[in-house]
Amino acid sequence: MDGRPIIERYLDDKVLERAERELSPLVRLINNSYGEYNLQLRKNYFNIYYQGNSLAKVIPNKNGTYSASIHKKFAQGDTLKKLERYSVNKPSQSARSKGKHVSFSIRPQNLHQFFRWSNINSLSSRIRAVHNGEEITFEQVLITDNPSSDKLIIIDRQVADHVNRAQIDLLALRRDSADKPFHFQVIEVKLGRNPELREKVGRQLDGYVNHIRKYIKAYADCYEKNYRQKKELGLFDPSLPNRIEIDKDERTVEGLIVVCGYSQLAEQALEHFRQKIKEKQWDIKVQPMPKLNLS
C-alpha cells in the first residue's frame, strides 16, 4: 500500500463543506423519491443510482464546477439536448463523447436545473429501456423496502477498496438494539434460478466477509465517517443519530445471501444453499426477498 487508507468512501472536509452548501436541492430530490434514487459517497465524488445503475458520477472540481459523467446509453437524443442546456460544454460536440460516457461541466448555480425532475425522469426512462439486469434491479428493491432505521442501515453498494477491487453488492450495518454498536453485514443478491447460488456465490461471499474481518478497523473508520457525512448532508432521517459506532471485533462481520423469487426452484435453491453453509461452515445466512429479517 502507498499509505492511503484501505477504503475511502467519503469526502475531504473542504469538499464536504462545499457539498453542504450546494447539494441541498439534489438531496431533497433524492429524499423525496421514496428510495427510488440513491446517492453514495466515493473518494471526493459521489454516484447517483437508479434501479441499481449509476445514473451519474458527479465530481466537484477544484475550479468550482462539477463534472457529471453519464453513460451514453442513458444520455442521448432529446435527453442529451436537455442536459446540455445547463452544461458549460457540449458533450455531443466534444472528443470526450467518443468513449462510453459523456461528461458535462456544470456551474454550481445550474446544478439543481441539471438534476431537475424532468431530466432525472428522462435518464430513468432510458435506464429502464436498457435494463441492465434483474439482480441489479432487486438490489434497489431491497434498499427501497428496507429504509434506514436504528437497527438496519444499508450503507453502501458496489463496494470495492484499494486492496480488493471485486465489488460487494450491498454493505449493511445492523444491530439488535439502539444501545449497541452496529456491525457489518455483507449482502449478495441472487435470483433463485441462478446456478451460481449452488456454491460459487457462497465462496465469494465468504471471501468478502473474511476480507472485511482482516481490515475491520479501516472499514469501521471509513463507514463511521461515511454515515456522519451523509447525515450532515441530510441523506438520513432526522430521527437517526448524528454519529454511530461500528463494532471493530472482526467476529461480528457476517454474510447474507438474499434470494429473489418464490418459485419452487427458488425454494429448492434456498434449501440446497443452507446445506452448503453447514457443510462448508461459512458464517453466512440465507433468506428470501423482500424484507430483511431483523430478529
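With 19 Å as the cut-off, how large is the P(r) tail for segment 79-191, expressed as percent of Cα-Cα pairs?
On the way: 4073 of 6328 pairs.
Tail of P(r) above 19 Å: 64 percent of Cα pairs.
Given R₀ = 22 Å, FRET efficiency for Glu250-Lys180 by Cβ-Cβ distance, to 0.05?
0.85
Given contacts defined as C-alpha pairs under 8 Å and at least six residues apart, what's the relative contact order of segment 205-287, whole-number percent?
On the way: 64 pairs, mean separation 28.3, N = 83.
Relative CO of segment 205-287 lands at 34 percent.
Quick one: if you stick a label point 7 Å off each Cα along the C-beta vector at Gln287 and Glu20, how many nm between them?
3.6 nm
Out of the trypsin sites (Lys or Arg not before Pro) in segment 47-136, which ones are loop residues according to DSSP with at most 12 other C-beta atoms within 10 Å?
Qualifying residues, ordered by number: Lys62, Arg85, Lys100.
If the convex hull of the alpha-carbon atoms of segment 25-150 is projected onto planes in all directions, what is the mean projected area in square nanometres? Please report the intermediate quantities before stating the final value.
On the way: hull surface 33.3 nm².
Across all orientations, segment 25-150 yields a mean hull projection of 8.3 nm².
Carbon-plus-sulfur fraction of the accessible area of the chain, 1.4 Å probe, in percent?
On the way: 6570 of 14220 Å².
So the carbon and sulfur contribution to the accessible surface is 46 percent.
So what's segment 1-82 giving for Cα Rg divided by 2.2 N^0.38 Å, two decimals?
1.22
Rg to Rh ratio, segment 202-253, alpha-carbon atoms and Kirkwood radius?
1.09
Can you give the accessible area per residue of the chain, in Å², using a 1.4 Å probe?
48 Å²
Just round it to a whole percent: the fraction of Cα-Cα distances in segment 119-278 exceeding 20 Å.
Across segment 119-278, Cα pairs with separations above 20 Å total 56 percent.
Can you list residues from other chains, or at least 5 along the same chain, whose modelled amide H is less than 5 Å from the amide H of Leu191?
Cys260
How much FRET efficiency would the formula 1/(1 + (r/R0)^6) give for Val163 and Val27, where r is the Cβ-Cβ distance and R0 is 35 Å, rounded to 0.05?
Efficiency at R0 = 35 Å is approximately 0.65.
Suppose every Lys and Arg Cβ carries +1 and every Asp and Glu Cβ carries -1, with no other charges. What dipole size does segment 29-78 come out with about its Cα centre, to the nearest 20 debye?
320 debye
Which stretch or stretches of segment 61-96 have amide N atoms under 15 Å from the point lying 7 Å from Ala129's Cα along the Cα→Cβ direction?
It comes to 71-83, nothing else.
Quick one: Debye curve from the alpha-carbon atoms of segment 167-236 only, equal weights, vacuum; give me log10 I(q)/I(0) at q = 0.12 Å⁻¹ to two decimals.
-0.43
Compute the relative contact order of the chain as a whole-number percentage, counting only Cα pairs closer than 8 Å that sit 6 or more residues apart in sequence.
17 percent
Evaluate the relative contact order of segment 25-85 (contact order divided by residue number), counting alpha-carbon pairs under 8 angstrom at least 6 apart; express in whole percent.
Details: 65 pairs, mean separation 10.4, N = 61.
Taking the mean separation of contacting Cα pairs over the length of segment 25-85, I get 17 percent.
Each residue of segment 171-187 in turn: what ³J(HN,Hα) in whole Hz from Karplus with 6.51, -1.76, 1.60 and θ = phi - 60°, glycine and Pro shown as x?
10, 10, 10, 9, 7, 7, 8, 5, 9, 10, x, 6, 10, 7, 10, 8, 10
The values are calculated or read from the model by the stated rules, or taken from the named source; none is laboratory data. A quick note: this is a predicted structure, and the numbers were derived from the prediction, not measured. Quick reminder, even Gly has a Cβ in these numbers, built from the backbone with ideal geometry, and neighbours come from all protein chains shown. Quick note on the areas: whole protein, heavy atoms, side chains included, nothing else; ligands and nucleic acids left out. Shrake-Rupley method; radii C 1.70, N 1.55, O 1.52, S 1.80 Å.
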